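S.K.: Before I ask anything, here is the structure I am working with.
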Amino acid sequence: MSNPGDEDATPIGGVRDLAAYLAAGAKPREHYRIGTEHEKFGFRLPGHAPFPAWSAPAYEPQGIQAMLEGIASLGWEGIFDQDRLIGLKHTSPDGGTESVSLEPGGQFELSGAPLATLHQARAEFDRHFADIHRVAPALGLGFAPLGFHPLARREDMPFMPKSRYAIMRRYMPLVGSLGLDMMLRTCTVQVNLDFSSEADMVRKLRVGLLLQPVATALFANSPFTEGRPNGFLSARANVWTDTDGDRTGIQGVFFEEGFGFERFVEWLLDVPMYFVARDGKLIDVAGKSFRDFMAGRVPELAGITATIGDFADHTTTVFPDVRLKRFLEMRGADAGSPAMMLAQSALWVGLLYNEAALEAAHALVSRYRWHELAAIRGQVPRQGLDTPFAGATVRALAGDAVAIARDGLVARGLGEEVYLEPLQAIVAGGPTQAEAWLEKYHGPWQGDVSRIFDEAAI
């Protein structure tokens, strides 16, 4: 989840204004960029306990604040929420803005700069991990990118002192049984990609949504809960099946005839809000609709005019498997090894950034009705690539998708197809990350799940 952004105080005149706001994200193909975001769990050394945020009144030397201050000393600017240091930002060597933000349970997230190539994304990864290595060891801290925390109970996790998280903490249990687990015990990796027009957005959104369960299976990396196998390959993906049905998953509206920016806005106006920001503070309006806010029907917001900035904030509080903002976010993968995190970006760049590959991917998903592909979303968290589908398994569909992505990357002519090698090994019959961890659990680890931290640490 993002750090607070800049406010746009332009009053909203109507749905067309909001559609135009989203449409303004369209770019010519030569200006397409790649933005990768990835999260990891922090843990104390020795041992593997989660480390706290801030301890009051005593300063906690092994906490999130110490880690943020250490990274800040390397040339990053602080981001604050009511005087709390809750994130960092700086200008990357490529000229864009990188930021570090905190997920609700202290998961450390890098939101990368918009970059032209996957090679630049790899260099960005390397710089970020180098910064962590310069700070974390002296604090007795480590970091591991995994889809679901393999040891900690929900009550073991710290809650970050960000205002929006306090609102979500209250609201989440009202709309699903696993929302707090999503907040506290999951980590993901996502890639943000551009579109050139409304039609291009719709095609990419639909292809991305329908292949998102395939990505979930390929990148499954969360087979343990509280020190034991949990029966899933992606416990993180299972959490999303019971978080908040109003704002998650693969929504049927995205496949309606005539779908575009305005129809998306109409859907979003009826998704319950979390908050509205004013004067550096958040007003809790969780459960109220943005449509009612625009019409002046929310008592808590009496006298407050809805702005484009408010709508931009609202777009960050919906979590479909592909999220539309002024770009598209692919959201279906567990966090994993650096090679797999980069492979996730490579998969979607290959599928969506070459016209022939995009057309092939669209033809692939068009063989089926949208709800047939959407239905496997509930099965792949447990069965992964072995999920039955269309007379075969999801592995066959994944193989087709990876092959198309490779063709798309080859056509870019930049040598980026090398980053798909981990996925090629998996679709050829190799184990996913989750399956490899389970083999170790039943073998050399002798049932000691804590060993995953040392082996997964970045």
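S.K.: From the list Arg247, Arg185, Arg263, Arg291, which one is basic (Lys, Arg) and closer than 20 Å to Gly147 by Cα?
M.R.: Arg185
S.K.: Does Glu421 meet the test of being in a helix (DSSP H, G or I), touching a Lys or Arg at 6+ places or on another chain (Cβ under 6 Å) and over 28 Å from Gly227 (Cα atoms)?
M.R.: For Glu421, the condition - in a helix (DSSP H, G or I), touching a Lys or Arg at 6+ places or on another chain (Cβ under 6 Å) and over 28 Å from Gly227 (Cα atoms) - is not met.
S.K.: Which pairs turn up if I take residues in the range 269-288 that are modelled with pLDDT of 95 or more and look for partners that are part of a strand (DSSP E or B) and among the acidic types (Asp, Glu) with beta carbon separation below 8 Å, at least 6 apart in sequence or on another chain?
M.R.: Between residues of the range 269-288 that are modelled with pLDDT of 95 or more and residues that are part of a strand (DSSP E or B) and among the acidic types (Asp, Glu), the close pairs are Tyr274/Asp284; Phe275/Asp284.
S.K.: Scan (1) closer than 22 Å to Val349 by Cα; (2) in a helix (DSSP H, G or I); (3) touching a residue at least 12 places away in the same chain (Cβ under 8 Å) for the single condition Ala396 breaks and write down its number.
M.R.: Failing condition for Ala396: (3).
S.K.: Pairs, please: C-beta under 8 Å, at least 6 apart or cross-chain, first residue in a helix (DSSP H, G or I) and in the range 175-195, second among the small types (Gly, Ala, Ser)?
M.R.: That search, which allows pairs on different chains as well, returns Val175/Gly245; Met183/Gly105; Leu184/Gly105; Arg185/Gly105; Arg185/Ala152.
S.K.: Also, quick follow-up: Taking the residues in the range 236-266 that are among the aromatic types (Phe, Trp, Tyr) and part of a helix (DSSP H, G or I) as candidates, determine which candidate is farthest from Leu178 (Cα to Cα).
M.R.: Phe261
S.K.: OK, next. Can you pull out every residue in the range 404-424 that is surrounded by fewer than 20 Cβ atoms within 10 Å (Cβ to Cβ), among the hydrophobic types (A, V, I, L, M, F, W, C) and within 24 Å of the chain's Cα centre (by Cα)?
M.R.: Residue satisfying the conditions is Val418 alone.
S.K.: Working carefully through the options Ile132, Ile167, Ile86, find the one that is over 30 Å from Lys288 (Cβ atoms) and either assigned to a helix (DSSP H, G or I) or modelled with pLDDT under 95 (or both).
M.R.: Step by step, each of Ile132, Ile167, Ile86 is checked, and only Ile132 is over 30 Å from Lys288 (Cβ atoms) and either assigned to a helix (DSSP H, G or I) or modelled with pLDDT under 95 (or both).
S.K.: Spot the failing condition for Ile458; the list is (1) in contact with a helix residue (DSSP H, G or I) (Cβ under 7 Å, 6 or more places away or on another chain); (2) part of a helix (DSSP H, G or I); (3) surrounded by 15 or more Cβ atoms within 10 Å (Cβ to Cβ), and only one is missed.
M.R.: Answer for Ile458: the failing condition is (2).
S.K.: Turning to a different aspect of this structure: Out of the residues in the range 89-120 that are modelled with pLDDT under 95 and out of contact with any strand residue (DSSP E or B) (no Cβ under 9 Å at 6 or more places or on another chain), state the one that is farthest from Phe43 (Cα to Cα).
M.R.: Gly95
Per-residue answers, yes or no, for (1) modelled with pLDDT of 95 or more; (2) among the aromatic types (Phe, Trp, Tyr); (3) more than 24 Å from Ser196 (Cβ to Cβ):
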| residue | (1), (2), (3) |
| --- | --- |
| Arg369 | yes, no, yes |
| Glu372 | yes, no, yes |
| Gln379 | yes, no, yes |
| Gly408 | yes, no, no |
| Tyr419 | yes, yes, no |
| Ile426 | yes, no, yes |
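S.K.: What are the residues in the range 347-365 that are within 15 Å of Ala398 (Cα to Cα), of a type outside the set (A, V, I, L, M, F, W, C) and surrounded by fewer than 21 Cβ atoms within 10 Å (Cβ to Cβ), if any?
M.R.: Passing the criteria: only His362.
S.K.: Okay, moving on. Would you be able to tell me the number of residues in the range 24-48 that are surrounded by 15 or more Cβ atoms within 10 Å (Cβ to Cβ), small (Gly, Ala, Ser) and more than 26 Å from Thr117 (Cβ to Cβ)?
M.R.: Count: 1.
S.K.: Counting only residues that are closer than 22 Å to Ala166 by Cα, give me the strands (runs of 3 or more DSSP E) lying completely in the range 276-335 with at least 2 of them. Don't jump to the end; show me each part of the working.
M.R.: Values: elements: 281-284, 322-324, 328-334.
Hits in the range 276-335: 281-284.
S.K.: Restrict the check to the range 33-49 and report whether at least one residue is part of a helix (DSSP H, G or I) and modelled with pLDDT of 95 or more. It would help to see each step written out before you state the result.
M.R.: Let us first name the residues in the range 33-49 that are part of a helix (DSSP H, G or I), namely none.
So far as the range 33-49 goes, no, none of its residues is part of a helix (DSSP H, G or I) and modelled with pLDDT of 95 or more.
S.K.: Only one residue in Gly142, Gly87 is crowded, with 21+ Cβ neighbours inside 10 Å, closer than 26 Å to Asp194 by Cα and small (Gly, Ala, Ser), so which one is that?
M.R.: Result of the check over Gly142, Gly87: Gly87.
The values are calculated or read from the model by the stated rules, or taken from the named source; none is laboratory data. The structure displayed is predicted, hence computed values, not measured ones. Here Cβ is always computed from backbone atoms with ideal geometry, including for glycine, and neighbour counts include all displayed protein chains.
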